[in-house]
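All remarks here apply to the structure that follows.
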Amino acid sequence: MSEFQWNERMIGRALATQTFNKKYLVVVPNCNWTGYEADLLAITENLRLIDVEIKISRSDLKADARKDKWVQRTFTGYAPEKRIEENGRWIRIERPALYDELRLAWPRSIWKHYYAVPSEIWMDSLFDCLGSPSSGVILLSHGKRGMEVKVARRATPNRDAKPVSAAVAVDLARLASLRMWEAYAQVETMRAKEVA
């Protein structure tokens with residue numbers, strides 16, 4: 001392992017400025033529009049969504065497969081009643097909800113899904129640990145000329161993913177703009193503290 005310290009922001013910035021810079025309308029960091037958090041949500045020129053999960057450790061990458069975004073749950077009813085008692089005294093009756101679970105190939109509403117990871121932690125055996133075999137993998141390395149980005153596996157497109165409306169694209173662009181201005185404010189606050 002190198003001494004270089006990776007973080008989610010630097011990987012997101014490299015992807016936004018190098019990979020998604022000329023092809024996509026907007027790239028929003030830490031976006032919950034789809035119902036779960038996407039580290040980067042990109043909108044293509046034809047208004048389709050690309051979700052990028054940024055992982056800086058193998059354990060974090062492996063844990064992603066257990067997230068709710070990979071499962072569709074359908075309510076099927078309730079389990080039989082169960083009396084909960086403490087010290088022989090009735091406390092409550094529980095009747096847990098039951099669900100059928102369907103494993104998803106793509107997160108909801110997503111056209112393409114990628115994982116972005118530092119190349120130094122990547123091993124091809126990790127392909128088996130991903131949330132879906134449809135997910136692509138982007139590897140990043142820190143070189144003499146800055147960040148180098150390479151696609152290890154292209155994402156399989158979800159042919160059923162519908163484009164978002166123009167109004168949604170505008171809302172997401174507004175969110176990206178607000179995030180930029182918030183980041184400027186944070187930088188100004190930090191600089192003011194350094195001067196004080």
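The table that follows gives values for the structure above.
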read-out: Qualifying positions in the range 67-80 - out of contact with any Leu (no Cβ under 6 Å at 6 or more places or on another chain) and either touching a residue at least 24 places away in the same chain (Cβ under 8 Å) or loosely packed, with under 10 Cβ neighbours inside 10 Å (or both); value: Lys67, Asp68, Lys69, Val71, Arg73, Thr74, Phe75, Pro80
read-out: Odd one out for Ile138, checked against (1) touching a helix residue (DSSP H, G or I) at 6+ places or on another chain (Cβ under 9 Å); (2) at pLDDT below 90; value: (2)
read-out: Residue check, Ala42 among the aliphatic types (A, V, I, L, M), within 16 Å of Trp106 (Cα to Cα) and either under 12 Å from the mean Cα position of the chain (by Cα) or not in a strand (DSSP E or B) (or both); value: yes
read-out: Members of the range 151-168 found to be surrounded by 11 or more Cβ atoms within 10 Å (Cβ to Cβ) and either among the basic types (Lys, Arg) or touching a helix residue (DSSP H, G or I) at 6+ places or on another chain (Cβ under 6 Å) (or both), listed by number; value: Arg153, Arg154, Lys162
read-out: From the options Arg58, Arg83, residue that is surrounded by fewer than 20 Cβ atoms within 10 Å (Cβ to Cβ) and at pLDDT 90 or above; value: Arg58
read-out: Criterion: among the hydroxyl-bearing types (Ser, Thr, Tyr), surrounded by fewer than 10 Cβ atoms within 10 Å (Cβ to Cβ) and either out of contact with any Ser or Thr (no Cβ under 8 Å at 6 or more places or on another chain) or without any contact (Cβ under 8 Å) to a residue 12 or more places away in the chain (or both) - qualifying residue of Ser132, Ser125; value: Ser125
read-out: Residue within the range 99-112 that is crowded, with 16+ Cβ neighbours inside 10 Å, closer than 26 Å to Lys55 by Cα and among the β-branched types (Val, Ile, Thr) present; value: yes
read-out: Strands (runs of 3 or more DSSP E) contained entirely in the range 45-106, each with at least 1 residues that are in contact with a strand residue (DSSP E or B) (Cβ under 8 Å, 6 or more places away or on another chain) and farther than 27 Å from Leu126 by Cβ; value: 71-78, 82-86, 89-94, 97-103
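The values are calculated or read from the model by the stated rules, or taken from the named source; none is laboratory data. Keep in mind that this is a model prediction, so the values were computed, not measured. Glycine also receives a Cβ, built like all others from the backbone with ideal geometry; neighbour counts cover every protein chain displayed.
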